[in-house]
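One structure is given below, encoded as structure tokens.
Values in this text are rule-based calculations from the coordinates and carry no lab data. Values in this document were obtained by computation on a predicted structure and should not be read as measured data. No Cβ is skipped: glycine too gets one built from the backbone with ideal geometry, and neighbour counts run over all protein chains shown.
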Amino acid sequence: MAERVLIIEDEEDIRENLAFSLKREGFEALEAASGEQGLELARSGKPAIILLDLMLPGMDGLSVCRHLKQAASTAAIPIIMLTAKGEEIDKIVGFELGADDYVVKPFSLREVVLRIRAVLRRGREETYTSEVNSGALTLDAVRHQAWAGDRELDLTLSEFKLLQNLLQHAGQVRSREQLLDAVWGYSFEGYARSVDSHIKRLRAKLGPHGELIETVRGIGYRVKSKS
């Protein structure tokens with residue numbers, strides 16, 4: 001059965017070109033021209049992934065993303081944000097709201113398809129270690145659960161994969177490029193800094209245990225190994 005992609009984009013030419021390319025690649029495409037229509041289709045259409053334009057009329061993309069991630073029925077659907085704005089602050093806000101990836105217009109349709117496949121693939125992949133832990137942090141890949149101490153964490157797919165990769169390499173420094181490739185499935189120049197936004201959000205969710213994720217200046221991050 002073809003995986004369903006919801007395109008929330010107000011520019012008709014872009015939306016139709018995306019839909020055409022996705023159908024040609026074997027996907028099923030749903031189209032929404034506004035944030036409000038997109039929210040309705042996200043709830044009723046059960047898409048596997050959402051392409052979400054940031055600059056929508058009325059309810060903008062960030063508001064749509066916030067609503068999707070706050071609702072239990074749509075929170076787990078991965079989101080790739082599409083925008084003509086390339087400022088770092090927009091990327092940070094989008095990632096902090098739970099977006100899984102970010103593509104700046106003008107983009108190639110082929111790149112968008114590759115991004116979609118990468119996000120969907122990492123959601124399906126089974127990992128080589130079921131349960132990993134370091135200190136107060138524990139993660140069970142089979143049950144898709146993670147804990148900080150005795151508190152279960154509410155993580156997005158990207159945050160879960162990021163924590164998993166860090167724990168699997170506890171005590172080792174992981175560069176931004178390594179994390180980007182392992183978690184997102186690619187390593188395009190200019191996107192490595194998106195890892196920083198996810199680390200910031202992950203640390204916040206870990207609460208007092210966030211300090212277990214160390215910054216290694218000029219290189220990347222590591223989780224402290226067990227003492």
(message) Given the -39500 (n - 2.57) contribution per DSSP H run of 4+ residues, what per-residue ellipticity at 222 nm results for the chain, rounded to the nearest 500 deg cm²/dmol?
(response) -11500 deg cm²/dmol
(request) Please work out how much length the chain gains when fully extended from D181 to R143, using 0.36 nm per residue of separation minus the C-alpha to C-alpha distance, in nm with one decimal. (result) 11.3 nm
(request) Apply the Karplus parameterisation 6.51 cos²θ - 1.76 cosθ + 1.60, with θ equal to phi minus 60°, to every residue of segment 33-42 and state each ³J(HN,Hα) to the nearest whole Hz, in sequence, with x for glycine and proline. (result) 9, 8, x, 5, 5, x, 4, 5, 5, 5
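Mind putting a number on the dipole of the chain about its Cα centre? Charges go on the C-beta only, +1 for Lys and Arg and -1 for Asp and Glu, and I need it in Debye to the nearest 20.
Working: 31 positive and 35 negative charges, 174 e Å.
Around 840 debye, computed over the chain.
Any idea what the alpha-carbon Rg over 2.2 N^0.38 Å comes to for segment 28-69? Mind dumping the intermediate values first?
On the way: Rg = 9.4 Å, N = 42, 2.2 N^0.38 = 9.1 Å.
In units of the 2.2 N^0.38 Å rule of thumb, it is 1.03.
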(message) Over 5 Å intervals from 0, what percent of Cα-Cα pairs in segment 3-48 sits in each interval?
(response) 5, 26, 31, 24, 12, 1
(message) With volume of the Cα convex hull per residue in Å³ as the read-out, I listed [x] 109; [y] 222; [z] 121; which label goes with the value calculated from this structure?
(response) [z]
(message) Using 0.36 nm times the number of residues separating V173 and R193, minus their current alpha carbon distance, what extension gain do you get?
(response) 5.6 nm
(message) For segment 4-124, what does the relative contact order come out to in percent, with C-alpha contacts under 8 Å and a separation of six or more?
(response) 23 percent
(request) Would you calculate the volume per residue, in Å³, of the smallest convex hull containing every Cα atom of segment 131-223? (result) 84 Å³
(message) What are the extents of the Cα atoms of segment 4-124 along their three principal axes, in Å, largest first?
(response) 31, 30, 28
